[in-house]
1. Please name which of THR77, ALA45, VAL97 has its Cα lying farthest along the dipole of region 1-99 towards the positive end, using unit charges on Cβ (Lys, Arg +1; Asp, Glu -1) and the Cα centre as origin.
2. Using square roots of five times the C-alpha gyration tensor eigenvalues, list the equivalent-ellipsoid semi-axes of region 1-99 in whole Å, biggest first.
Amino acid sequence: MTDGLDVRIAQELVDRARKEGVSLAGPGGLLSQITKTVPEAALNAEMDEHLGYSKGDPTVGGDGNHRNGRSQNTVHTDVGSVRIDVPRDRKSEFEPVMVPKHSRRVEGFDESIISLYARGLTTGEIQKHLSEIYDMEVSRELISKITAGLSAK
């Protein structure tokens, strides 16, 4: 185990992906699938906590709130855009923390852009980098908005 990651398990995933013809990066690749699975698992755990019971278990309490399907949300991550299923509750009281409502970027995305900007890359170069490396189309305007606070400092 290295920093909480079992390297053997990671290697098994990579080997299996290669064997099954799944690319490691890009849309539908192993990284995208993992990046989709992690926030979805966290959101489901948040919903369990919010409702007070796990999916499939009998409801707890009589307030009438329960799971009520899912909505899809496309979020931008360090490995590209990923479409995730966000659980809903009947009373619309669920406020996810992992991927907040109306969020379009997962934690760490802005920091990546700021890091590239701090290294002297232009908005166009950052846009090209994100497109080539992460297969993510991001506008120069968004990059400018993210980095705007740095110019004033």
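Bear in mind that the values in this text are calculations on the coordinates, not laboratory data. If you're wondering where the values come from, they're calculated on a predicted model, not measured in any experiment. Cβ: placed from backbone, ideal geometry, glycine included. Neighbour counts: every protein chain shown.
1. THR77
2. Equivalent-ellipsoid dimensions as semi-axes: 31, 16, 12 Å.
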